[in-house]
Amino acid sequence: MRYVCLSFLTCIVLSSCQVPSSISYDPVSLTDGTDTKSWEPLVVGLEAPTWDQIKPPSGIPGWDKEIDATYFSIKTSEKVLAITFDDGPHGVNTPRLLDMLKKRNIKATFYVVGNMIKNSYGPDVLRRIVAEGHEIGNHTVTHATLSRQSDSVLRKELQDAHDMILDITGVAPRTMRPPGGAIKNDQKKLMMSEFGYPTVLWTVDPEDWKRPGASVVTSRLVNGARPGAILLVHDLHEPTVDAMPSTLDQLLAQGYRFVTVTELIMMDES
Ligand SMILES: [Zn+2]
């Protein structure tokens with residue numbers, strides 16, 4: 001029975017957060033004409049330390065409190081949410097989204113994909129995300145299904161994306177989200193001990209990547225919101241970004257405030 005339940009859960013999780021096959025990368029190699037090492041590190045935005053520079057009381061690199069291996073949400077009575085945008089950055093939809101967030105003074109978290117950062121616009125969008133106070137999380141380089149990968153592939157997927165984000169923005173990612181939510185427990189332990197990454201999943205998945213229409217995305221997010229929830233959407237998709245003004249305004253009107261994933265984890269009362 002336990003096996004059946006776990007299998008069912010895995011199927012549900014795997015159905016989410018897919019990069020559609022229609023995405024075409026426009027790879028402009030960061031080492032081909034763009035020397036990322038020459039970028040001036042940003043001194044604005046989040047001041048997250050790099051995980052290899054501090055030794056926190058928790059013993060987990062990068063964190064100064066005990067953290068869980070996995071977060072679907074946090075325990076809190078405060079009306080606080082973390083909204084997360086996966087699979088970008090996108091050259092048009094991400095800047096459009098950033099305008100919407102800025103207008104409302106909302107901070108979000110972006111689980112970016114390394115191969116998307118390699119697009120010609122990628123570094124500029126990434127730097128804007130950080131400059132405007134948002135958080136960037138690690139979503140691998142190739143959007144690989146990590147549960148099927150060896151430890152060495154897992155390390156490379158995470159390390160390369162980590163280094164790319166750090167080189168371009170000057171800020172190290174603090175958390176990771178496995179593509180499709182597919183990850184094994186021993187892989188979580190490895191990521192925690194070697195990268196200081198908790199695995200961040202989600203509370204509400206409106207399945208926006210299936211393009212159900214902006215109003216449906218909005219109603220699923222608004223109806224699913226509760227204190228301490230993590231909302232999952234994809235800034236890759238135009239209709240998802242179209243859904244944001246109404247979604248954000250309704251949640252703000254209900255008294256919710258938005259924090260980044262790291263800020264949310266630090267508020268966990270469990
Ligand atoms: Zn994804």
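The values are calculated or read from the model by the stated rules, or taken from the named source; none is laboratory data. Being a predicted model, the structure only gives us computed values, none of them experimental. Cβ atoms come from the backbone with ideal geometry, glycine included; neighbour counts cover every protein chain shown. Accessible surface areas use protein heavy atoms only, side chains included; no ligands, DNA or RNA. Shrake-Rupley method; radii C 1.70, N 1.55, O 1.52, S 1.80 Å.
Points worth noting:
- Cβ-Cβ under 8 Å pairs, at least 6 apart or on other chains, segment 212-224 side on the phi > 0 side of the Ramachandran plot, far side in a helix (DSSP H, G or I): 213/239
- Among the residues making up segment 175-189, those that are free of Cβ contacts under 8 Å to residues at least 60 places away in the same chain and open to solvent by 10 Å² or more (accessible area, probe 1.4 Å) are 183, 184, 186.
- Scanning segment 218-240 for residues that are within 16 Å of the ligand (Cβ to nearest atom) and under 19 Å from residue 103 (Cβ atoms) yields 231, 233, 235, 240.
- Residue check for residue 252: open to solvent by 10 Å² or more (accessible area, probe 1.4 Å), under 22 Å from residue 98 (Cβ atoms), within 16 Å of the ligand (Cβ to nearest atom) and hydrophobic (A, V, I, L, M, F, W, C): no
- Residue check for residue 209: within 12 Å of the ligand (Cβ to nearest atom), under 18 Å from residue 224 (Cα atoms) and assigned to a loop (DSSP other than H, G, I, E, B): no
- Test: residue in segment 190-198 that is open to solvent by less than 30 Å² (accessible area, probe 1.4 Å), on the phi < 0 side of the Ramachandran plot and either hydroxyl-bearing (Ser, Thr, Tyr) or not in a helix (DSSP H, G or I) (or both): yes
- Residue satisfying all of: in segment 118-144; hydroxyl-bearing (Ser, Thr, Tyr) and without any contact (Cβ under 8 Å) to a residue 40 or more places away in the chain; nearest to the ligand (Cβ to nearest atom) among these: 140
- Number of residues in segment 90-117 that are within 16 Å of the ligand (Cβ to nearest atom) and under 20 Å from residue 166 (Cα atoms): the value is 12.
- Among the residues examined, residue 232 qualifies as surrounded by 16 or more Cβ atoms within 10 Å (Cβ to Cβ), over 19 Å from residue 126 (Cβ atoms) and at pLDDT 95 or above.
- Qualifying residue in segment 212-225 (condition: closer than 15 Å to residue 111 by Cβ and modelled with pLDDT of 95 or more): no
- Residue satisfying condition, being more than 19 Å from the chain's Cα centre (by Cα) and not in a loop (DSSP other than H, G, I, E, B), within set 246, 270: 246
- Scanning segment 98-131 for residues that are over 16 Å from the mean Cα position of the chain (by Cα) and open to solvent by less than 40 Å² (accessible area, probe 1.4 Å) turns up 100, 119, 123.
- Condition met for residue 263 (open to solvent by 20 Å² or more (accessible area, probe 1.4 Å) and closer than 15 Å to residue 75 by Cα): yes
- Matching residues, segment 144-159, being out of contact with any strand residue (DSSP E or B) (no Cβ under 9 Å at 6 or more places or on another chain), open to solvent by 10 Å² or more (accessible area, probe 1.4 Å) and either under 22 Å from residue 83 (Cα atoms) or not β-branched (Val, Ile, Thr) (or both): 144, 147, 148, 149, 150, 151, 152, 155, 156, 159
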